[in-house]
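FYI, it's all coordinate maths here, none of it is from the lab. All values reported here derive from a predicted model rather than from experimental measurement. FYI the Cβ positions are ideal-geometry reconstructions off the backbone, even for glycines, and counts take in every protein chain you see.
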Amino acid sequence: MKTFLISIALFFAINLTAQNIELPQPERTGGMPLMEALNNRQTIRSFQTKELTQQQLSNLLWAAWGINRESGKRTAPSARNFQETDLYVLLKSGVYLYDASKNQLTFVSDKDEREYAGTQDFIKDATVQLVLVADLDRISGGSSGKLNTAYIDAGYISQNIYLWCASEGLGTGARAMINHDELGPRLKLDSNQKIILAHSIGYEN
Ligand SMILES: Cc1cc2nc3c(=O)[nH]c(=O)nc-3n(C[C@H](O)[C@H](O)[C@H](O)COP(=O)(O)O)c2cc1C
């Protein structure tokens, strides 16, 4: 009986882990010259349904908020290196959390929740929705200061997303118009986690 129960537990553990997505190594060289990417940066609100490749997804997430040094620091700065921002990745196949150190998407849900990542009509069309979520418990200080820190830090990540998309010829747009009550439970957020910003990403229509 004991062996049987252990086998069942192992079966479920393996299957849950299997839903994580291992990303290919990000390509950390190349891309468009910075001045050209800045020249092309813009907000896009109309998307094709064409999917990104896993390599593009890996490159996007690394550019946005990947680890770029042995020290574990990132492609974007954060106040006192709190690193309070988490990137939730909403795809057709489900909801995932970007784990920069493992270079993987950690499974959150198998539901397609992309349409809930904003309140505007075009939201449903973009193939990737990134939601920037701050874990306020990782920031020390008073509660109003914590939110300010979270907003500022998310801005750097947002600009990384804009510039990578410009370089890759993809469209993106930052978005604060989000129904927090609708989206939070779909991302399975705790009370210390606050949605700060979202980005649609995809091929421009
Ligand atoms: C913090 C922030 C929040 C934004 N929220 C939204 C939004 O909810 N919906 C939207 O369509 N655009 C949103 N935008 C995009 C702005 O409207 C856009 O950046 C602005 O019109 C300038 O256009 P550009 O990005 O093409 O230069 C947001 C931008 C920022 C920086």
| said: Give the aspartates and glutamates whose C-alpha is closer than 16 Å to that of residue 102, dropping any in the same chain fewer than 8 places away, or say none. | reply: 22, 27, 70, 86
| Mean projected area in nm² (Cα convex hull; one quarter of hull surface) for the chain | 13.5 nm²
| request: Positive end of the charge dipole of region 77-143 (Lys, Arg +1 and Asp, Glu -1 on Cβ, about the Cα centre): tell me which of 81, 95, 118 has its Cα farthest that way. | output: 81
| remark: Percent relative contact order for region 114-192, counting Cα pairs under 8 Å at least six residues apart, stands at 41 percent
| task | Sort 113-124, 65-76 for me by packing, meaning the mean count of neighbouring Cβ atoms within 10 Å per residue, highest on top. | result | 113-124, 65-76
